[in-house]
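Values in this text are rule-based calculations from the coordinates and carry no lab data. A quick note: this is a predicted structure, and the numbers were derived from the prediction, not measured. Here the Cβ is made from the backbone with ideal geometry for all residues, glycine too, and neighbour counts use every protein chain on show.
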Amino acid sequence: MEKAVKMLKPSSILCVFVLIFSAISVDRAVAEGVTPDEAKQLRDEVREMFYHAFDGYMEHAFPLDELRPLTCTGEDTLGGYALTLIDSLDTLALFGDRERFAASVEWIGKNLHFDINKTVSVFETTIRILGGLLSAHLIASDYATGMGIPSYDNQLLHLAEDLAHRLLPAFDTPTGIPFGSVNLLHGVDENESKITSTAGGGTLTLEFGILSILTNNPVFQQVTKNAVRGIWARRSKLNLVGAHINVFTGEWTQKDAGIGTSIDSFYEYLLKAYLLFGDEEYLFIFQEAYKAAMHYLYNDPWYVEVNMNSAVIVWPLFNSLQAFWPGLQVLAGDIDPAIRTHAAFFSVWKKYGFTPEGFNLATLSVQHGQKSYPLRPELMESTYWLYKATRDTRYLDAGREMVASLQYGARCPCGYCHISDVVSHKQEDHMESFFLAETVKYLWLLFDLAAGSDNLVENGPYKYIFSTEGHLLPATPQISLVNEHCSYFGAFCKNDDIRKRSRISDISVDPQEANNTLHESWVPNRFPSDPLYRNFISVSGVIKGLCPGLTHGQKFGVSYLAATDTDNEDELTKQQESNVAQSYSLLVTNIANDSQPNDNKNSDDAQEPNQGNSE
Ligand code: DMJ
């Protein structure tokens with residue numbers, strides 16, 4: 001590692017990546033890629049994958065937390081409360097499996113309780129348990145979802161409220177940033193560590209915010225917003241945040257800024273909290289944070305980790321948690337870099353058949369000690385969002401490869417196994433609950449979209465925000481104050497095919513707004529080389545009439561769709577398709593060049609040693 005860092009400190013070292021991609025053109029992709037019939041078959045295959053693992057869990061592990069799929073046994077990994085079942089609830093609902101969904105909800109309502117002497121992770125418990133319960137509650141209690149349960153009487157909501165009350169003591173810190181763990185019976189343990197991760201402290205707003213609305217108790221929303229403010233108040237002058245922080249002193253104990261390990265979903269929930277609740281404070285922070293990330297961390301198409309104060313590169317690594325980022329960029333309307341980054345990340349998948357936890361961008365090899373693939377969903381998630389935004393069949397092809405890898409490499413007797421080494425493909429006897437909450441869900445949604453979707457997410461009564469654990473959080477009128485987001489690109493586009501990319505409006509044309517300092521925030525890249533770019537400008541005046549309530553969002557640079565001009569659609573489509581035809585047989589990447597972060601001199605601790613890439 002030290003060698004790699006030394007290699008990268010000189011400011012103009014060019015790393016050249018020769019990545020094995022087959023040449024892709026749109027014409028060939030249409031001819032040879034996944035057809036609608038094949039998409040249906042793949043969707044059904046993914047569904048079968050889910051049931052292979054879900055049934056394996058129910059038969060061999062339930063009510064323990066997780067399945068050991070090689071030995072067909074179970075283990076308690078979080079709190080000992082049927083974690084995998086709770087994490088699977090909304091996937092069952094998404095599949096329209098009324099019987100199993102209702103039976104699972106009923107069992108949980110009758111048997112689960114949280115008055116147990118267990119010390120649990122605040123973050124994991126929130127995203128997996130609280131999120132799973134709330135999502136299932138919102139589905140089960142609402143007949144408009146098609147999955148309402150007649151006998152349901154808010155049992156999951158009561159459980160969620162009880163659980164959240166037990167997590168609240170963690171927030172009692174001078175900074176407002178919560179402890180990483182809390183005992184469900186006794187509050188924070190005397191010897192509990194005061195160090196927590198940025199993702200751990202800053203990825204709680206969606207679940208707690210929904211709970212506040214449903215219970216009419218503002219405390220949940222307040223403590224989690226306070227935590228975000230506590231983190232953001234301690235950002236560096238570069239608007240970067242570190243990975244670990246002391247929740248008492250507010251000092252950063254790990255100053256490596258990045259978009260992956262320990263930080264990832266902090267960014268995610270800033271944007272999603274705005275999208276779900278319409279709270280513009282989150283949008284403002286997201287814009288500032290995103291702009292800094294793209295400036296200091298983005299080395300097209302990769303992302304590196306840098307010291308949060310000096311921007312000196314400390315970790316030239318791809319880590320597999322970063323792979324959610326292109327999906328987030330779709331939600332933010334910044335599609336062009338998302339496409340390039342996804343292609344780069346997918347090239348790592350293709351090289352090994354899975355993504356290792358860490359891939360060293362300097363040595364072009366698996367990072368020492370980070371060779372496993374624990375069935376993570378992030379690449380599938382971004383593949384789904386990019387397909388939804390572009391309808392480019394390359395994403396179906398990518399999804400097909402991921403399914404093949406999982407089937408041939410990870411399938412094991414009772415479920416799907418972690419891969420302990422992406423080179424040898426050795427299997428390990430563990431299956432994280434997020435495999436059923438996320439990995440399979442995103443693959444199924446991808447192929448269902450291609451097959452002509454008929455599901456809750458695409459055709460249901462509400463728009464859905466996905467939690468970081470993939471849980472479906474509906475933007476019902478009660479939950480969401482944003483009434484205008486019907487037109488929001490990617491996240492909310494009802495019929496968003498590739499043609500709509502050509503109609504993303506430019507939001508920065510108001511001369512008055514242009515004088516506003518906030519307006520200097522990031523403005524999405526809109527395919528500047530694309531001849532259709534002119535169309536973005538030309539429709540920009542229309543957008544304000546369409547979504548009058550979104551002017552604040554427009555100030556901050558989020559993209560929205562302009563009116564549909566059906567007359568131009570065919571022509572636009574043709575031009576757009578010719579522009580997305582690309583070859584990835586050779587990908588050349590400048591990891592660190594003269595204009596990159598290294599030349600930032602306002603460092604106050606440029607010499608800080610590497611402190612390890614903790615998970
Ligand atoms: C999941 O629990 C969530 O997606 C979280 O945000 C990151 N880690 C796993 C998946 O890799």
Can you find, among G180, T215, L168, the residue sitting farthest towards the positive end of the charge dipole of the stretch 145-239, where Lys and Arg contribute +1 and Asp and Glu -1 at Cβ? G180
Calculate the dipole size of the stretch 322-412 relative to its Cα centre from +1 charges on Lys and Arg beta carbons and -1 charges on Asp and Glu beta carbons; express the result in debye to the nearest 20. 260 debye
Taking alpha-carbon centroids only, the stretch 322-350 lies from the stretch 226-301 a number of Å equal to 19 Å
For the pairs K40/K350; K40/K388; K350/K388; K110/K388, note any where the Cα-Cα span goes beyond 28 Å. K110/K388
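Sorted by average packing, counted as other Cβ atoms within 10 angstrom per residue and highest first, what order do 212-221, 273-282, 67-76 take?
Going from most to least packed, we get 273-282, 67-76, 212-221.
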Relative to a virtual label point 7 Å from the Cα of E281 in the Cα→beta-carbon direction, which members of the stretch 189-217 show backbone nitrogen distances below 16 Å? 202-210, 212-213
Using alpha carbons only, how many angstrom separate the centre of the stretch 376-411 from the centre of the stretch 173-220? 33 Å
